[in-house]
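Data block below; observations after.
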Amino acid sequence: MNFDFSDEQKQMRDEARKFLSEQCPPKAVREVLDGKAPYDNALWKGLAEMGFLGVAIPEQFGGAGAGHLELCVIAEEMGRALAPVPFSSTVYLAAEAILIAGSDAQKQKWLPKIAAGEAIGTLALFEGKGNPSPKAIKLTANGGVLNGVKKPVPDGAIADFAVVAARTGSSGRESDISLFIVDLKAGGVEVKSLTNIDLTRGQAEFTFKDAKAEPLGATSEGWSVITQVLDRAAVLTAFEQVGGADRALEMGRDYALDRIAFGRPIGSFQAVKHMLADMYVSATLARSNCYYGAWALSTNAGELPEAAAAARISATQAFQHCAKNNIQVHGGMGFTWEFDCHMYYRRANAVALGLGSLSYWEDALIDRMRKKNAA
């Protein structure tokens, strides 16, 4: 079985890398990091023009109709460039939720806008600290309106609409959870920006006060849809993390070859060699798991739950490892604001929590493998 990308997909990767290297250099990332804008709007529009926002959206809904493999390719390049745009929240979370559970009318309303860069979406799932769980959802839906608080919501301060998980029952089962679409421009939702370790990716707190909501999918099937969305997002985010890990490794390698100490490049010292070798091993292992996840995602294979968890775990570990060791290779300069190392360290730690903690996915992998083996 060949898990590698096709020549056409590799060509798309090259096009995406060229586009992002020109339109999203570190200077552009720093402008958002410095608070000059909540996100790079010009880059967002450029991604839409290139067709990257709608790469996995069917043509009938305004997308390119390519598929999830192509989206994995784009995701890796987005992570490599630290693109300061709401790509993951809109494409991996909101769009995928609508693709899975939305009616034709809902798909016609929102998916073309996402593909064209005219709408930013998000998933409002969490209600404070903790991991994804139906028991943690307290926000209620009654009579077509929502009441409660969601935080942190990724890119919530700039979102136009949100897919919201709400409690519609009291049986104590997963069937108590349903999903809704809320137009954030229609009122009834107070939005408060939150502080995040990665200032290029915003978070927000939503307070719903009789906010009008439209059901997304069948009532009581919300948690089933959320699980599917999180698995898909885990694979796609893992590719972002691998892209970031590879770039951090390259930065460390290049610096080790250029930095001279005691009359020789520091990369010639055994301790630095070992550090870079360990970074390479973790990034390569993560890529292997990501490719397996991409195959499972693109074919809707039964192995997707295990593959998604494995990709998420290995990519999270690899990105954090490579980002941290990149700072170590750079020495004292690696800790300074002027060097770009800290931007990858920030993103690595922020992304590590976005879909649930590392331990959550480790537990999920064990649980899923046990159930599969028992079947």
If I filter region 352-372 down to residues being part of a helix (DSSP H, G or I) and open to solvent by 90 Å² or more (accessible area, probe 1.4 Å), which single residue comes out as modelled with the lowest pLDDT?
K372
Members of region 6-33 that are in a loop (DSSP other than H, G, I, E, B) and either at pLDDT 95 or above or surrounded by 16 or more Cβ atoms within 10 Å (Cβ to Cβ) (or both)
C24, P25
In this structure, does S193 turn out to be within 21 Å of the chain's Cα centre (by Cα) and among the hydroxyl-bearing types (S, T, Y)?
yes
Strands (runs of 3 or more DSSP E) wholly in region 160-250 with at least 2 residues that are among the aliphatic types (A, V, I, L, M) and open to solvent by less than 10 Å² (accessible area, probe 1.4 Å) - which ones?
161-167, 177-183, 203-212
With respect to Q60, is the statement that it is polar (S, T, N, Q) and touching a residue at least 60 places away in the same chain (Cβ under 8 Å) true?
no
Of all residues being buried (at least 19 other Cβ atoms within 10 Å of the Cβ) and of a type in the set (G, A, S) in region 321-351, which is nearest to I197 (Cα to Cα)? Just the residue, please.
A348
Could you list, in sequence order, all residues of region 299-320 that are touching a helix residue (DSSP H, G or I) at 6+ places or on another chain (Cβ under 7 Å) and either acidic (D, E) or open to solvent by 50 Å² or more (accessible area, probe 1.4 Å) (or both)?
E303, E306, Q317, Q320
Going through region 140-171 in order, the residues found to be farther than 27 Å from S88 by Cβ and touching a Lys or Arg at 6+ places or on another chain (Cβ under 9 Å) are T140, G144, V145, N147
Just to be sure I understand, how many residues within region 92-120 are open to solvent by 10 Å² or more (accessible area, probe 1.4 Å) and either under 18 Å from V242 (Cα atoms) or among the hydroxyl-bearing types (S, T, Y) (or both)?
1
Yes or no: region 253-262 includes at least one residue that is more than 30 Å from G334 (Cα to Cα) and hydroxyl-bearing (S, T, Y).
no
Exactly one of A233, A162 is under 24 Å from L111 (Cα atoms) and in contact with a helix residue (DSSP H, G or I) (Cβ under 6 Å, 6 or more places away or on another chain), and that residue is A233
Checked region 48-89 for anything in a loop (DSSP other than H, G, I, E, B), open to solvent by less than 10 Å² (accessible area, probe 1.4 Å) and farther than 19 Å from D14 by Cα; matches are I57, P84, V85, P86
Checking D278, D231, D246 in turn, the sole residue that is among the charged types (D, E, K, R) and more than 22 Å from the chain's Cα centre (by Cα) turns out to be D278
Determine if region 77-85 includes at least one residue that is farther than 22 Å from Q23 by Cα and in contact (Cβ under 8 Å) with a residue 40 or more places away in the chain.
no
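The values are calculated or read from the model by the stated rules, or taken from the named source; none is laboratory data. What you are looking at is a predicted structure, and each value in this text was computed from that prediction instead of being measured. Don't worry about glycine lacking a Cβ; one is built from the backbone with ideal geometry, like all the others, and counts go over all protein chains shown. These accessible areas exclude ligands, DNA and RNA; they are computed on the full protein's heavy atoms, side chains included. Shrake-Rupley method; radii C 1.70, N 1.55, O 1.52, S 1.80 Å.
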